[in-house]
Each structure stands twice: as C-alpha cells, then as structure tokens.
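Below: the structure, in structure tokens.
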Amino acid sequence: MIRLNCFFKADEGKYDDALEAAIALTAETQLNDEGCVAYDVFESATRGEVFMICETWESAEALKAHSESDHFKEYVAAMQACGTLKVEQFEM
C-alpha cells in the first residue's frame, strides 16, 4: 500500500476556493477511483490557512491511474492556483 500526505497552504483569501476543490477531488476519487483505500481532507486546528489530504492506495498502479484522471488534473490545478501543495509519499 501507498500513503500520501498532501499538505496545502493557501494564499491570502484563497483558502475557501482551495478547500472546495479538495473536497470535490475527494468525493470524485472516493466514488470513481479503483484501488482507493482511503481519501479524506483534514483542516488544521492551529493554522487557518492549512489543510491536508490523506490518501491510501492499494498499489502504485492505482495511484498512477488516479493521478492521470481528469478530475485529479482539474482539482489539483485549482488548488495550485490558490497556494502551495507539498506531497509526502510512504510505502506501507
């Protein structure tokens, strides 16, 4: 399995737009992407401009298919237009 922790820091005034894109990405992924074990968004309790998407995938192939999907490209581009995204990947 593969775990991704995707940390997002919003530019001033862009948090709500970025969070909306992250929630839409989560919903599309949970409904449509095979091999998705878990996918959720968590808001920081201490930093108002930060949230994290936590993902777990059955395989590298499932993660690759997700990253090539239209909904991934659309919503990640929307988030990147609103701030900075940092991804940490772990093999489990």
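In the range 20-42, what count of residues is obtained for those that are β-branched (Val, Ile, Thr), within 18 Å of GLN89 (Cβ to Cβ) and open to solvent by 70 Å² or more (accessible area, probe 1.4 Å)?
1
Among the numbered criteria (1) assigned to a loop (DSSP other than H, G, I, E, B); (2) farther than 14 Å from LYS9 by Cβ, which single criterion is violated by THR46?
Status for THR46: all satisfied but (2).
For residues in the range 1-19 being of a type in the set (A, V, I, L, M) and not in a strand (DSSP E or B), which is most open to solvent (accessible area, probe 1.4 Å)?
MET1
Output the qualifying pairs, or none if there are none: Cβ atoms under 8 angstrom, residues six or more apart or on different chains, first residue in the range 22-42 and within 17 Å of SER59 (Cβ to Cβ), second residue aromatic (Phe, Trp, Tyr) and surrounded by fewer than 19 Cβ atoms within 10 Å (Cβ to Cβ).
Close Cβ pairs satisfying both conditions: THR29/PHE72.
Counting only residues that are touching a residue at least 60 places away in the same chain (Cβ under 8 Å) and under 18 Å from ALA18 (Cβ atoms), which one in the range 43-80 is least open to solvent (accessible area, probe 1.4 Å)?
Here the answer is MET79.
The values are calculated or read from the model by the stated rules, or taken from the named source; none is laboratory data. Note that this is a predicted model, so its numbers are computed, not measured. In this analysis, Cβ positions are derived from the backbone assuming ideal geometry, glycine residues included, and neighbour counts consider all displayed protein chains. Accessible surface areas use protein heavy atoms only, side chains included; no ligands, DNA or RNA. Shrake-Rupley method; radii C 1.70, N 1.55, O 1.52, S 1.80 Å.
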